[in-house]
Amino acid sequence: MKTPMRIILAFLFTAALALAADVTGKWSANVVLEAGAGTPTFEFKQEGEKLTGSYNGQLGEAKLTGTVKGDKIEFAFSGEAGTVKYSGTVESAKKMKGIVEYGELGKGTFTAEKN
């Protein structure tokens, strides 16, 4: 008996949704830049692929926006150092890591854990 293609596609689509990360909540990060290091916190709200939230760290407080597509996360905010961009991978329900560009302060890496 052959399985209809629609059932296979529906299964693959459902499996892909199950693998998509949900990062909603509070996260604590460790950031290492060319200019130094910091430990900002983030509050994320995810609706589908849309990401909103806030940054709280050495640059003060700022609203952020971004996307989560599968296990890939990207978000940005504007601060005293210009536009700050994070790009990384959600490794599990409680861990992510990646690269960051902190405007005038330079580039670096970050790791974060969900509180």
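Derivation of every value follows stated rules applied to the coordinates shown; laboratory data play no part. Keep in mind it's a predicted model, so treat the numbers as computed, not measured. Glycine gets a Cβ as well: all are built from the backbone with ideal geometry, and neighbour counts include every protein chain shown.
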Distance in nm between pseudo-label sites at residue 107 and residue 49 (7 Å out along the Cβ direction from Cα): 2.5 nm
For the stretch 23-115, what percent of Cα pairs sit more than 21 Å apart? 19 percent
For the stretch 36-65, list residues with backbone N below 13 Å from a point placed 7 Å from the Cα of residue 83 toward its Cβ? 65
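Between residue 69 and residue 32, what's the calculated FRET efficiency when r is the beta-carbon distance and R0 is 30 Å? Round to 0.05. Walk me through the numbers on the way to the answer.
On the way: r = 25 Å, r/R0 = 0.84.
That pair, residue 69 with residue 32, gives E of 0.75.
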